[in-house]
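Here's the structure we're looking at; comments come further down.
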Amino acid sequence: MKHILDTNLYIGGGVDFVVVPLISPTYRPSVVPQFGSFSLEASLPFAKSDLDPLPSLWNTHVVGQISEWIDLDSPDEKLRKNSETAFKQELAWASYLSLRACILPTPKGDTWTNYARCANQFLQEHLKEMQLWLRIPLGKPDDDSKTLQTQDDYWKIWNSFRLLSDHNSKLLVTLDNLNTMPSDNSLNHWYGEPVAAFIIHTDSFLTRDGDNPKHLSEGIQKLITYFLNHYTQIIISENQLNCSKDEESHLETNSAEDSRIHRLLPYIDHVRSIYQQMDPLSEQERSQVAFRDVLHPILQPFKEISQSMVYSEQEKDEKKYMEYKRAICQALLDRVPDEEASVITTVLVVVGAGRGALVRTSLQAANETGRKLKVYAVDRNLNALASLYKQRESMGWNDIVTVIQTDARHWNAPEKADILVGELLGCFGDNELAPEILDGTRRILKKDGISIPSSYTSFLQPVKSSKLYSAVKAKEQILTFETAFVTKMHNVARLAPCQPLFTFTHPKRSIKESNRRYRKLQFVMPDVPESTMVHGFAGYFDATLYKDVHLGTEPSKATPDVFSWDEMYFPLREPICVHRGSTLEVHFWRCCDSTKVWYEWGVTSPSTSLVHNCNARADCVWLN
């Protein structure tokens with residue numbers, strides 16, 4: 001091991017870790033007949049000392065490989081029991097070495113129940129230790145001529161294996177490319193799955209005119225790019241049995257050179273070049289990488305006071321305020337004709353003024369259009385308004401801007417507004433109580449007054465994401481599966497186009513109109529693989545600020561370069577299996593009473609779920 005690590009890590013190998021068998025391939029537990037059955041006795045020692053190399057290197061630079069001969073579901077009882085003993089010994093040894101992960105061999109045959117049981121036993125007993133990476137082919141092995149014919153078969157192995165293991169978050173999948181390029185449709189199986197590693201065999205690399213440098217086909221390069229963008233490790237595997245005699249001779253006669261420049265270096269260099277050619281993340285994207293697929297509770301606008309850091313991040317979203325300025329400019333031009341621009345003063349109320357970003361935006365719009373403006377800046381957060389007070393004095397706005405510290409819903413305005421502007425949209429449109437807040441301020445808006453935003457619609461989309469499902473499950477409270485979360489979705493598969501859900505328009509036509517909503521949506525699954533899992537629903541919004549000025553996150557028409565909003569995630573307590581061409585039917589409710597607003601949701605086809613969050617038993621947004 002010391003020689004392997006020295007060669008690969010330190011002498012030009014350029015790799016982060018090595019994958020090695022932990023036990024001699026010739027080792028078998030002894031099997032002794034006893035009372036007509038089998039008694040298993042461990043043959044010790046079955047591995048070398050853990051002192052070579054240093055213990056810390058095992059943890060940081062080694063991924064173990066469990067023996068390929070192990071068959072935990074073999075019909076041969078002797079082999080099955082022998083396999084179970086060896087499997088437990090190897091995992092126990094790997095755990096003792098503090099390895100970060102072990103690669104499990106691909107399940108054999110058409111059953112793997114005992115295999116999953118034994119893996120789950122280990123995962124349950126070692127709650128905070130290493131991961132298990134189940135090796136699954138991306139193509140059909142050359143020696144597999146019986147039951148497994150399609151990539152869907154292999155996904156079903158993985159899916160049933162993780163179901164038998166109760167979606168354990170430490171069970172991940174390693175995809176083995178097997179020198180083939182699978183179809184785009186078969187790759188869809190693995191989007192949204194916890195793919196820990198992608199194995200590329202050296203046979204997959206091509207040469208131009210028989211010389212280096214090595215290179216990969218365009219299809220595999222795109223696949224590697226996707227995996228690198230989703231934190232998947234790339235493993236380069238060399239099978240020397242497949243080397244030509246010339247290559248073998250070259251390796252044998254250049255052993256001295258091999259100690260200086262690892263023979264896999266051309267392959268490593270090519271993978272590195274693919275990474276270097278990836279589109280770089282923007283500064284804003286880099287700052288948000290740590291928040292990908294991290295679950296956050298819905299904001300409580302009347303229970304929580306936003307902190308300075310939150311305002312700072314929001315104010316960096318220049319594109320958002322550019323769109324607000326466009327809307328305010330159009331509203332001012334429609335409100336006041338050119339010939340009266342120097343005479344008429346427009347009254348504008350900013351609801352939820354915070355540190356004054358929308359106040360500054362409104363004054364910029366007035367300056368660009370040549371309109372006179374009087375601004376009332378209203379917010380509950382006295383701490384945030386302290387910054388606005390200071391700006392008002394330093395910028396000379398005392399005669400233009402009036403700062404009011406109160407709940408806008410209960411404010412007795414000295415005059416009615418021509419334009420009402422609010423930065424109230426949540427990542428699902430209405431989830432931060434924009435309807436209730438704007439309804440509450442409707443009485444201070446003139447009958448012909450303009451509301452910005454004027455309308456907004458929530459959108460829904462079924463998604464597969466093992467990572468998000470595991471994150472909810474890790475909270476170890478069953479009601480978290482009935483809680484809506486905010487998250488920056490990354491490792492997800494979006495299974496069908498979005499559909500509109502709830503729409504709100506302002507100012508509301510009638511004060512008696514309820515903000516309760518209900519809708520049934522039907523998603524047809526034309527582009528999914530033969531079968532796949534639905535773990536929940538992604539939520540987006542699209543808003544009309546004024547006339548043709550839109551702002552939103554719905555993927556087909558999302559506003560470019562806007563980063564103020566993530567997505568909503570509505571989990572399902574039990575994932576639902578859907579098939580290509582089937583219809584997923586979901587019901588959504590927006591419920592209200594005098595103290596709170598909440599969502600309820602449930603699926604009725606192809607199978608029936610419970611109604612999640614019934615009567616707000618898990619989650620709600622408080623009105624006071």
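The values are calculated or read from the model by the stated rules, or taken from the named source; none is laboratory data. Bear in mind that the values here come from a model prediction, so they are computed numbers and not experimental data. Reconstructed Cβ throughout: ideal geometry from the backbone, glycine too, with neighbour counts over all protein chains shown.
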Practice task
With respect to residue 4, determine if the residue is surrounded by 16 or more Cβ atoms within 10 Å (Cβ to Cβ), modelled with pLDDT of 70 or more and within 42 Å of the chain's Cα centre (by Cα).
Solution key: no
Handout entry: Per-region count, region 54-89, residues assigned to a helix (DSSP H, G or I) and small (Gly, Ala, Ser)
Key = 3
Exercise for the section: Can you confirm whether region 537-547 contains a residue that is at pLDDT 95 or above and either outside any strand (DSSP E or B) or surrounded by fewer than 18 Cβ atoms within 10 Å (Cβ to Cβ) (or both)? Expected result: yes
Fill in the blank from the handout: Taking region 232-291 and keeping residues of a type in the set (Asp, Glu), at pLDDT below 75 and in contact with a helix residue (DSSP H, G or I) (Cβ under 8 Å, 6 or more places away or on another chain) leaves 248, 258
Exercise for the section: State whether one or more residues within region 600-610 are surrounded by 14 or more Cβ atoms within 10 Å (Cβ to Cβ), among the hydroxyl-bearing types (Ser, Thr, Tyr) and modelled with pLDDT under 95. Expected result: no
Practice task
Could you tell me whether any residue of region 354-375 is assigned to a strand (DSSP E or B), touching a strand residue (DSSP E or B) at 6+ places or on another chain (Cβ under 6 Å) and of a type in the set (Ser, Thr, Tyr)?
Solution key: no
Practice task
Kindly indicate which of 396, 370, 422, 429 is buried (at least 21 other Cβ atoms within 10 Å of the Cβ) and at positive phi.
Solution key: 429
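Residue-wise test of (1) farther than 30 Å from residue 571 by Cα; (2) part of a loop (DSSP other than H, G, I, E, B); (3) touching a Pro at 6+ places or on another chain (Cβ under 9 Å); (4) outside the structural domain of residue 223 (by TED's automatic domain parsing).
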site: 268; (1), (2), (3), (4): yes, no, no, no
site: 303; (1), (2), (3), (4): no, yes, no, yes
site: 312; (1), (2), (3), (4): yes, no, no, yes
site: 327; (1), (2), (3), (4): yes, no, yes, yes
site: 342; (1), (2), (3), (4): yes, yes, no, yes
Completion exercise
Here the residues within region 552-575 that are part of a strand (DSSP E or B) and farther than 24 Å from residue 294 by Cβ are none
Practice task
Determine, yes or no, whether residue 361 is assigned by TED's automatic domain parsing to the domain that holds residue 324, crowded, with 18+ Cβ neighbours inside 10 Å and in contact with a Phe, Trp or Tyr (Cβ under 6 Å, 6 or more places away or on another chain).
Solution key: yes
Handout entry: Meets criteria (touching a Ser or Thr at 6+ places or on another chain (Cβ under 8 Å) and free of Cβ contacts under 8 Å to residues at least 40 places away in the same chain) for residue 602
Key = yes
